[in-house]
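Let me begin by presenting the structure, written as structure tokens, before commenting on it.
Every number here is computed from the coordinates shown, using simple stated rules; none is lab data. The model shown is predicted, which means the values in this text are computed figures rather than measured ones. All Cβ positions, even for glycine, are placed from backbone atoms using ideal geometry, and neighbour counts span all protein chains on display.
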Amino acid sequence: MSGDVEHSILFRNVVLVDGTGSPRRGCDVAVKGDVIVEIADKISSTAKRIIDGKGRLVLCPGFIDTHTHDDVALLSPDGMDCKVSQGVTSVVIGNCGISISPDALADPKSPPEFSLGRHPYLSFPSVATYVDYLEQHKPQTNYGLLVGLLALRCACQPTRDRPANAHELEDMRRLMDSSMRQGAVGFSTGLIYPGQKAAPMEEIVEIAKVTARHGGLYTTHMRDEADNVLTALQEAVDTSRAAEIPLVISHHKVSGKQNWGRSKETLDFLRSAIEAAPATRPIAIDAYPYSASSTILLPSVTEEAEDVLVLQSRPYPDLARKRVSEIVRTLPDFAGLRYPDAVAKLAPGTAIYFCMDDKDVSRILSFPKTMIGSDGLHSPNPHPRLWGTFPRVLGKYARDEGLFGLEEAVRKMTSLSAETFGFARRGQVKAGFFADLVLLDPDEIHDVATFEDSQRPSEGIKVVLVNGEIAWEDGKGVGVGNGRRLDRIPSGAVSEHPSL
Ligand SMILES: [Zn+2]
């Protein structure tokens, strides 16, 4: 490249952690338009904007949040500050069987079971209508879109507390087919949830087969993450095999005190399954770096928890941010109730469940095929993972506890995720790849959000670029959205040397 080419942004004197797991090295990185054009020890050409890394700041690929419920957040101009502030530049939406589209309900009033995936006044009857909307109202980050089993069932099945009949299943297959044609990258399930748990494996396999025909992948919040976690893992792997589809196990955990330590068994199982699976249907998992989970108020999940922090309760709004242990001890209405019965009384709503052991969390995070996915829900009192997941992995787990090196931590949030989801030319700092970039201070990086005060941006993220445009700088969002829809191009089909 000649010396007089003007770049749009030039990062000088940065410590490059390129996303592949390779050791860090000092260099300059130049961006032109939406692409990384040059990486060299010294780049002498000029640029509209020069950002100095002072030989200390780390430049790495923008993080890919593989497990989100950001379907609605992407629609508003600053709805994704919680992610961009962490260095996240791409998200996978529509997880756990809950997607904003296709929302083809005959009755436009949402049933409560569908609430996580619906916007108060916008509805998207097809994937195409959602994609079109985001073409016009540019989102802050890139996004890959999954279609959820609940969305399909709501569209095709008048009642969802039973398996689909043959006619309904055919309708779901047809809807999945059109959704994949309109830009979805895969199919998701959340098999603990009302509206989905009555779906037998055969129903899921049939929909997954249609997804696989279009090169899509399958992600699953399994039927059980506690006593029967191995049975649930077996079902997920069997589904992948029967439908010939790549598999992602969502937010892998072992829940309930009696199961603490069993991540040794589940990871052994996964190691064997990964080795046995052919290259056409690889298996990966995602996890978040906290020992507490969060979802809707469900007695069954409460069975596995040491305590429950109520985030929202429709019948008892004043009990938000109170622990169930305190509620049953102090409130006459709840006196003497078992936690699951208290939670049944508090529902509908959302909660945080203290249900995991730190050692299992660390073991699962260290597993080579574990990607980082936040699973944050956009409720008024969210779990801190919504704002803190990525800096927490880099700060607490990589730097402070030394669970793995910075290079490996970054790989788990970038190239591993891009390869798994088939996001071409993303997830690495490499010439010809899209300029999704994060400049961070490796000494300062840490999460600030806590269970008590959960909507606080992390510290240490200096500059974030989405497709070559600055999206976050000096602790605040800048510019207009520059995110794009991401296609899935399964590995092998991705050119190593794309033309610039
Ligand atoms: Zn889930």
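Results, tabulated for the structure shown:
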| quantity | calculated |
| --- | --- |
| Under Karplus coefficients 6.51, -1.76 and 1.60, residue-wise ³J(HN,Hα) of segment 387-394 in Hz, glycine/proline x | 10, x, 3, 6, x, 5, 5, 6 |
| Sum of side-chain charges, GLY21 neighbourhood, beta-carbon under 15 Å (Lys, Arg +1; Asp, Glu -1) | +2 |
| Under 5 Å, built H, 5+ apart or other chain: amide partners of ALA164 | none |
| Relative contact order [Cα under 8 Å, 6+ residues apart], the chain, whole percent | 20 percent |
| Semi-axis lengths, Å, segment 293-354, gyration tensor of Cα atoms, sqrt of 5 times eigenvalues | 15, 13, 10 |
| ³J(HN,Hα) computed for each position of segment 20-34 - Karplus, 6.51 cos²θ - 1.76 cosθ + 1.60, integer Hz, glycine/proline x | 7, x, 5, x, 4, 8, x, 5, 10, 9, 10, 10, 10, x, 9 |
| Sequence-separation-based contact order of segment 289-393, relative, with Cα cut under 8 Å and 6+ spacing, percent | 37 percent |
| Principal axis dimensions, the chain - Cα atoms, whole angstrom, descending | 72, 51, 46 |
| Helix-only CD estimate at 222 nm, as mean residue ellipticity for the chain, using -39500 (n - 2.57) per DSSP H run (n ≥ 4) | -7500 deg cm²/dmol |
| Of MET172, GLN196, GLY215, farthest towards positive along the dipole that unit charges on Lys, Arg, Asp, Glu beta carbons give segment 144-220 | GLY215 |
| Separation of the ASP341 and SER366 label points, Cα + 7 Å toward Cβ, nm | 4.2 nm |
| Compactness of segment 57-207 - radius of gyration and Dmax, Cα, Å | 15.7, 58 |
| Peptides ranked, highest mean first, by Cβ atoms within 10 Å: ranges 45-57, 260-272, 140-152 | 140-152, 260-272, 45-57 |
| Whole-number percent relative contact order across segment 293-354, with pairs defined as alpha carbons under 8 Å at least 6 apart | 53 percent |
| Cα-based helix-to-principal-axis angle, 201-213 vs the chain, degrees rounded to 10 | 20 degrees |
| Protection-proxy order for peptides 281-294, 162-175, 61-74, each taking the mean of Cβ atoms within 10 Å per residue, highest first | 61-74, 281-294, 162-175 |
| Extended-chain gain in nm, criterion 0.36 nm per residue less alpha-carbon gap, THR20 and GLU444 | 150.4 nm |
| Distance from segment 372-399 to segment 259-297 (C-alpha centre basis), Å | 18 Å |
| Packing-based ranking, highest mean first, of 8-19, 119-130 given that Cβ atoms within 10 Å are counted | 8-19, 119-130 |
| Whole-Hz couplings from phi, Karplus 6.51/-1.76/1.60, listed for segment 316-330; x for Gly and Pro | 10, x, 5, 8, 4, 6, 9, 8, 5, 4, 6, 4, 6, 7, 10 |
| Whole-angstrom gap from segment 462-489 to segment 190-215, using each part's C-alpha centre | 33 Å |
| Pairwise centroid distance, computed over Cα atoms, of segment 299-317 with segment 168-189, Å | 33 Å |
| Among beta bridges that DSSP assigns inside the chain, antiparallel share in %, nearest 5 | 55 percent |
